[in-house]
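J.: Dropping the structure in here first, questions after.
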Amino acid sequence: MTKEEILLKVASGEITPEQAGKLLLTDAPARGTLYCKVSEKGGLSVYGLQRMGPVGLIGKKPCSVHLH
């Protein structure tokens, strides 16, 4: 299952953020690769967005991340 599929399942409510975190738990990808982690509290951090540090997405409302 790809990371995008995991995130879609979280967004649709098919799996919990905790389950997604376990599925996404891997070694940190190579530099320049986009990846994300889900915290125990359900926050989503996106890494690899150029020179920026991690971007945290926390909230009770659904959100979407558009990658181009």
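The values are calculated or read from the model by the stated rules, or taken from the named source; none is laboratory data. Since the structure is predicted, the reported quantities are computational estimates derived from the model, not experimental observations. Reconstructed Cβ throughout: ideal geometry from the backbone, glycine too, with neighbour counts over all protein chains shown.
J.: Select from the stretch 1-40 the residues that are modelled with pLDDT of 85 or more and either assigned to a loop (DSSP other than H, G, I, E, B) or touching a Gly at 6+ places or on another chain (Cβ under 7 Å) (or both) and list them in ascending order.
T.: G13, E14, I15, T16, P17, listed by residue number.
J.: Take the residues in the stretch 41-65 that are modelled with pLDDT of 75 or more and not aromatic (F, W, Y), then tell me which one is surrounded by the fewest Cβ atoms within 10 Å (Cβ to Cβ).
T.: Ranking the candidates gives K41 first.
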